[in-house]
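Only one structure is covered here, and it is reproduced in the block below.
The values are calculated or read from the model by the stated rules, or taken from the named source; none is laboratory data. Note that the structure is predicted; figures quoted are calculated from it, not measured. Positions of Cβ are generated from backbone atoms using ideal geometry, with glycine treated the same way; all protein chains shown enter the neighbour counts.
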Amino acid sequence: MGSVTLNTPPTGLPQLPEPDLLQLLSPEGTLSTEHDLDPWAVEVTPELLAELHRHLTEIRRLDTEATHLQRQGELALWPPLLGQEAAQVGSALALQEKDYIFPSYRENGALYLRGVDPLGLIRMWRGSTFCGWAPSEHRVGAQQIIIGAQSLHAVGYAMGAAMDGEASATVAYFGDGATSQGDVNEAMVFAASYQAPVVFFCQNNHWAISEPVGLQARRHIADRPWGFGIPSMRVDGNDVLAVLAATRRATERARNGGGPTFIEAVTYRMGPHTTADDPQRYRPEGELEAWRAKDPIDRVEKLIQRRGEDLDAVKNASQQAADALAARIRSGLAQSEEPGPAELFDHVYAEPHSELERQREHYRLYLEQFGDHSLPARSDAAALSTASGTDH
Amino acid sequence: MTATTTDRSSGQGQPAGAQTVTFSRAINSALRDALEEDPQVVLMGEDIGTLGGVFRITDGLQQQFGPERVIDTPLAESGIMGTAVGLAYRGYRPVVEIQFDGFVYPSFDQIVSQVAKLHFRTRGDVKMPITIRIPYGGGIGSPEHHSESPEAYFTHTAGLRVVSPSTPQDGYDLLREAIASDDPVVYLEPKRRYHAKGPVDLERDRPSMNAAVVAAAGTDVTVVSYGSPMTTCLQAAEAAADEGTSLEVIDLRSISPVDYGVIESSVRRTGRLLIVHEAGLTGGVGAEIAAQITERCFEWLEHAPVRITGFDIPYPPAKLEHHHLPDLDRILDGVDRVMDRPNSQSAADTHGA
């Protein structure tokens, strides 16, 4: 007992093999075959590479633009996704219109590709709203800040879609830190129990704020789902082609009634957790440089170059799209109006609530004394401010 | 289907369409009728299907509606609540059973951070018409975690509505209204009264879920309660009447929001307010009602509001619970206090309520 430490491996127990890291596009820009992904891989045409490059570049620009806006005081906070572009582009492009996604706060790139107005994303982090789009319109749930809570929402939504007989996939996005949460584990239990058509898409970016993934997982995260009866894939998350193929495989399986699948996309958070974080306090020396060599955009460019295609033309087109996106964000932000005090009270409840109406009316009267009419009167407010018995 | 019936104190006999059933049967009927009327209603919970629930509240429903609409879930309360949120995103109206009051806490994060806030977060785009059924309260000799009154956690949470019936009729009516509501509703079932019988008219025009009712009319003291202690309060009204004191007993039905209009108009007549609940004193529903009525009816009050509640203790072992639960004598002692008559505290605490 005395010589056994926490780090002593168990003896006499069967050792599980390490899961493969599935990859189609290497950091050097070479393509390879991968038995587990090839049937779902898309044909790599010059047009596809140009499209992927544009999406990756746009998202990186969205991210850096938002980071700059935060530094300029326009945003309260921003959670950078720098380095995770391929994981978000590859997964989002695999989705069909009927599919539904439940994102965490860092999926701003995937949401942009899903058609969410980038200004809606920006306004959330500006502090103007908690959700800058209508989830029902884009089939994108509100960004979730409680770590892992959305994984259960995805499973419930998928159960409902299956009950409705709809051939769709629901995707839960979360990070490596979330896999420690009870909700993510319960989500896997429920998904397996009901064979829910859900895809758990975990971006293992190696850091949960300051805590390295090794603190939360003694084995690869992709090992865990098997214990719940859920097959999983461990994918190079900086390889947009591999992520696209893996997500196509998992969503197709869901739509065909095959049940849940787990994808661990192995990537790296090149920036801080949020603009309020300082990774220099915890990130080991050399780690950033090692991952810079695996950059998701660089390897697409190397592939284009290797194939003898016109890289400059692709880069120019992507740059123009990114510039247009940045201009759209800046002009949109300049024109956007901030919410008034009515937003405090609207939508807390779907149906009339006598006590909240009373508080609203009291605040209206308070503002009125300063000549502030920004909180409009409700027609029934007078009745509610007195002893009136019941509402309705 | 709402009406403004706010008085059940007139003492008329059993209405024509009513039948006498137990509280638990009335809840079962509400679930059955809701499942029949709305295909978006689904029931979720532990042991609610094959077994029919540990209290048999969902007896026969899975046989009638199938395992996709009456869903036996894994034993994970957060999992139940979180998947209910996803189903609500999809347009369903989940009715979730939490097996016992003390088992709700693993789902507390999903209730407070998701169920209560998603309508606000999405500015009305996503509705959360989830009904959370919780058998609550003590008096049944149970082990720890089976007798709690957690209502104040939920009444303190913006975005939730909280109701608790005290009669089989309200057991039916409030649950139908809760399931029909586009807001999330915590529906607290007084499990001590599951076997109590009363008239239930399934067809009547249902009062608003938000409406309090005068359960017994009176003139000297306004007694406000909800759930299990309502029965004791009505017994107290009879006992007090024998001694010449007239209690007006108000059944809140909804404890968030509270129907203050009914309480105010009563207190303006009686000038005295007594609040009774099983949950602990500090930060309880009674604290808020005492504060609100003091603010709204200060000039009419003849005495500070008095609260008869459980103590600020963890719910005690079964052999001690009779000390903790407000009983007839403690309520009558409270009546004496609010009437400024000699009472148990007279000698000890001249500043006491």
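Can you find a residue in segment B:240-252 that is under 18 Å from the mean Cα position of the chain (by Cα), surrounded by fewer than 24 Cβ atoms within 10 Å (Cβ to Cβ) and touching a residue at least 60 places away in the same chain (Cβ under 8 Å)?
no
Is segment A:142-157 home to any residue that is out of contact with any helix residue (DSSP H, G or I) (no Cβ under 9 Å at 6 or more places or on another chain) and either within 14 Å of another protein chain (Cβ to nearest Cβ) or part of a loop (DSSP other than H, G, I, E, B) (or both)?
no
Among residues belonging to segment A:158-169 that are in contact with a Pro (Cβ under 8 Å, 6 or more places away or on another chain) and at the interface with chain B (Cβ under 8 Å from one of its Cβ atoms), point out the one that is farthest from A:Val266 (Cα to Cα).
A:Ala161
So A:Arg248 passes all but one of these: (1) crowded, with 24+ Cβ neighbours inside 10 Å; (2) closer than 30 Å to A:Leu303 by Cα. Which condition number does it fail?
(1)
Condition first: within 12 Å of chain A (Cβ to nearest Cβ) and in contact with a strand residue (DSSP E or B) (Cβ under 8 Å, 6 or more places away or on another chain). Now tell me which residues in segment B:126-158 satisfy that.
B:Pro129, B:Ile130, B:Thr155
Pairs needed: first member in segment A:327-349, more than 10 Å from chain B (Cβ to nearest Cβ); second member anywhere, of a type in the set (Asp, Glu) and not in a loop (DSSP other than H, G, I, E, B); C-beta distance under 6 Å; at least 6 residues apart or different chains.
Short answer, once both residue conditions are applied: A:Ile329/A:Glu65.
Considering only residues of segment B:70-94 that are aliphatic (A, V, I, L, M) and more than 18 Å from B:Met128 (Cα to Cα), which is farthest from the other protein chains (Cβ to nearest Cβ)?
Top of the filtered list is B:Val70.
Quick one: is B:Thr231 under 30 Å from B:Arg32 (Cβ atoms) and at pLDDT 95 or above?
Criteria met by B:Thr231.
So which residues in segment B:307-332 are closer than 21 Å to B:Leu273 by Cα and free of Cβ contacts under 8 Å to residues at least 24 places away in the same chain, if there are any at all?
The answer is B:Asp329, B:Arg330.
Quick grid of which residues meet (1) in a helix (DSSP H, G or I); (2) under 24 Å from the mean Cα position of the chain (by Cα):
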residue: B:Ile71; (1), (2): no, no
residue: B:Pro74; (1), (2): no, no
residue: B:Gly82; (1), (2): yes, yes
residue: B:Gly86; (1), (2): yes, no
residue: B:Gly91; (1), (2): no, no
residue: B:Pro94; (1), (2): no, yes
residue: B:Pro106; (1), (2): yes, yes
residue: B:Val112; (1), (2): yes, yes
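Hey, among the residues in segment B:106-125 that are of a type in the set (Ser, Thr, Tyr) and either within 7 Å of another protein chain (Cβ to nearest Cβ) or touching a Phe, Trp or Tyr at 6+ places or on another chain (Cβ under 9 Å) (or both), which one's surrounded by the fewest Cβ atoms within 10 Å (Cβ to Cβ)?
B:Ser113
May I ask you to list the residues in segment A:212-267 that are of a type in the set (Asp, Glu) and under 30 Å from A:Glu43 (Cβ atoms)?
The answer is A:Asp236, A:Asp239, A:Glu252, A:Glu264.
Hey, can you tell me all the residues within segment B:206-231 that are over 14 Å from B:Leu174 (Cβ atoms) and within 14 Å of chain A (Cβ to nearest Cβ)?
B:Val214, B:Thr222
If the requirement is being among the basic types (Lys, Arg), in the same structural domain as A:Glu65 (by TED's automatic domain parsing) and under 30 Å from A:Leu48 (Cα atoms), which of these qualifies: A:Arg281, A:Arg255?
Matching residue, one of A:Arg281, A:Arg255: A:Arg255.
Does segment B:232-270 hold any residues that are of a type outside the set (S, T, N, Q), farther than 17 Å from B:Pro190 by Cβ and more than 14 Å from every other protein chain (Cβ to nearest Cβ), and which are they?
B:Ala237, B:Glu238, B:Ala239, B:Ala240, B:Ala241, B:Asp242, B:Glu243, B:Gly244, B:Leu247, B:Glu248
Could you tell me which numbered condition A:Ala196 fails, if it satisfies all but one of (1) part of a helix (DSSP H, G or I); (2) of a type in the set (A, V, I, L, M); (3) within 14 Å of another protein chain (Cβ to nearest Cβ)?
Among (1) part of a helix (DSSP H, G or I); (2) of a type in the set (A, V, I, L, M); (3) within 14 Å of another protein chain (Cβ to nearest Cβ), A:Ala196 violates only (1).
Restricting to segment B:46-69, and then to whatever is within 13 Å of chain A (Cβ to nearest Cβ) and within 25 Å of the chain's Cα centre (by Cα), can you tell me which residue is surrounded by the fewest Cβ atoms within 10 Å (Cβ to Cβ)?
Among those residues, the one meeting the criterion is B:Glu46.
Are any residues in segment A:206-239 of a type in the set (Val, Ile, Thr) and touching a Leu at 6+ places or on another chain (Cβ under 7 Å), and if so, which ones?
Answer for segment A:206-239, where residues must be of a type in the set (Val, Ile, Thr) and touching a Leu at 6+ places or on another chain (Cβ under 7 Å): just A:Val235.
Select from segment A:317-349 the residues that are within 30 Å of A:Arg378 (Cα to Cα) and among the aliphatic types (A, V, I, L, M) and write down the one among them that is surrounded by the most Cβ atoms within 10 Å (Cβ to Cβ).
A:Val348
Condition test on A:Arg139, is it of a type in the set (Lys, Arg) and closer than 21 Å to A:Asn256 by Cα?
yes
Given the conditions (1) of a type in the set (S, T, N, Q); (2) crowded, with 19+ Cβ neighbours inside 10 Å; (3) more than 14 Å from chain A (Cβ to nearest Cβ); (4) part of a loop (DSSP other than H, G, I, E, B), which single one is not true for B:Gln169?
Of everything listed in (1) of a type in the set (S, T, N, Q); (2) crowded, with 19+ Cβ neighbours inside 10 Å; (3) more than 14 Å from chain A (Cβ to nearest Cβ); (4) part of a loop (DSSP other than H, G, I, E, B), B:Gln169 misses just condition (4).
I'd like to check something: does segment B:41-61 contain any residue that is within 21 Å of A:His153 (Cβ to Cβ), among the basic types (Lys, Arg) and either in contact (Cβ under 8 Å) with a residue 24 or more places away in the chain or not assigned by TED's automatic domain parsing to the domain that holds B:Lys127 (or both)?
no
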